[in-house]
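**Q** I have a structure I would like to understand better, so I am pasting it below and will then ask my questions one at a time.
Nothing in this text is a laboratory measurement; each read-out follows from the coordinates by a stated rule. Just so we're clear, the structure is a prediction, and the values are computed from it rather than from any experiment. Positions of Cβ are backbone-derived with ideal geometry, glycine not excepted, and every protein chain shown enters the neighbour counts.
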Amino acid sequence: MKQANTIDILLLILLGAIWGSSFFNIKIATHSYEPFALATIRVFFATVFMVIVSKIYKAKILAFSNQWKTYAIVGLCNIAIPFSLIAIGTKRVDSYLAAILMSTTPMSGSILAHFFTDDEKMTFKKSLGILIGFFGILLLFFDKLVINESNILFVLIILLGSTFYCIAGLLILKNLKNAGNLNVTTSTLLWSLICLIPITFIFENPLDSTPTLYSTFSLIYLGVAATGFAWWLRFRILAKNGLVFQTQVAYLIPIFGVIFGALILKEQITWKVLFSLIIIITGIFIVKKYNK
């Protein structure tokens, strides 16, 4: 893979900023949209974007091939379920907290990979990184301004959402590893949209909602920029600079999430939050460094 230059580094920072900004936009969108409707509309805009990109790159879309069940399951685990759970949780917790909680995905993924893969077993150093990272999360539970009796359930819901990302990652590695990034993304988006539309109308009344302009702009941004464009940008970085470089974005997402939450939504950031963030990022660094 090509050595990263200044443009590559700036694009990685841009990707981290876009994904980090998704959490305060989810928060704004939840002011007017129910969680399933939010997830459905977000996926709709992302699907339209990725279908266009796939046409431009002439990528073959296999969503409705004989592997359709695999694409449907991955679409549920990687998009429909986590998008819905994150929306449910972020409605009741600060956006920066959601960003920090979601940053634990590499650590959860390492635990699941140990049991369900043959070549990513746990080592002492990886275990140490996981313990350090989860200690950082544990510290958040001792800050009553951040996590308390009124929102602890929604904190756990967000963590559950991050776990589904890990499950989807394992499914992709086992079944769709060589199916092509554009195909897998577009196909799973299509199936997640197919699954989300009936769920939305069964559990919510989206046609009766009266969304504000701000919430609608945030939702369009989530679909087009934070999902569609960001995934395309991820593929661009992945193809040019490789997986190791691309995954460094995991360190940037919670940092930008905290910055945007404080500056845009005026969320209160305590010293315990900053200390926890440093510990969690340290844990992620150790896990990723020794994830070989």
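**Q** Label-point separation (nm) for residue 51 and residue 205, each offset 7 Å from Cα along Cα-to-Cβ?
**A** Output for this residue pair reads 3.0 nm.
**Q** Whole-Hz ³J(HN,Hα) for each residue in segment 63-78, computed from phi via Karplus 6.51 cos²θ - 1.76 cosθ + 1.60 with θ = phi - 60°, x for glycine and proline: what do you get?
**A** So the Karplus estimates, Gly and Pro as x, are 4, 10, 7, 5, 9, 4, 5, 5, 4, 5, 5, 5, x, 5, 6, 9 Hz.
**Q** Report ³J(HN,Hα) in whole Hz for each residue of segment 235-241, in order, from the Karplus equation J = 6.51 cos²θ - 1.76 cosθ + 1.60 where θ = phi - 60°; Gly and Pro get x.
**A** Per-residue couplings from phi come out as 5, 5, 5, 4, 5, 8, 10 Hz.
**Q** If you keep only loop residues by DSSP, which chymotrypsin sites (Phe, Trp or Tyr not before Pro) in segment 83-157 have at most 10 other Cβ atoms within 10 Å of their Cβ?
**A** 142
**Q** Once R0 is set to 22 Å, what does the formula 1/(1 + (r/R0)^6) return for the Cβ-Cβ distance between residue 270 and residue 114, expressed as a FRET efficiency to the nearest 0.05?
**A** 0.05
**Q** Same structure, new question: For the chain, set up a Gaussian network in which alpha carbons nearer than 10 Å are linked by springs, and say which option among 26, 237, 264 fluctuates the most.
**A** Among 26, 237, 264, the largest mean-square fluctuation in the Gaussian network model of the chain belongs to 264.
**Q** Which whole-angstrom value gives the distance between the alpha carbon centres of segment 74-107 and segment 159-195?
**A** 15
**Q** Still on this model: Determine the calculated [θ] at 222 nm for the chain from helices alone, applying -39500 (n - 2.57) to every DSSP H run no shorter than 4 residues and normalising by the residue count; nearest 500 deg cm²/dmol.
**A** Rounded to the nearest 500, the figure is -23000 deg cm²/dmol.
**Q** Now for a separate question. Taking the alpha-carbon distance from residue 266 and a cut-off under 12 Å, which aspartates and glutamates remain once sequence neighbours fewer than 8 residues away in the same chain are dropped?
**A** Straight-line reach from residue 266, under 12 Å: 94.
**Q** For the pairs 58/240; 58/174; 55/174; 177/288, flag any whose C-alpha to C-alpha distance is greater than 23 Å.
**A** Violating the 23 Å limit, Cα to Cα: 58/174; 55/174.
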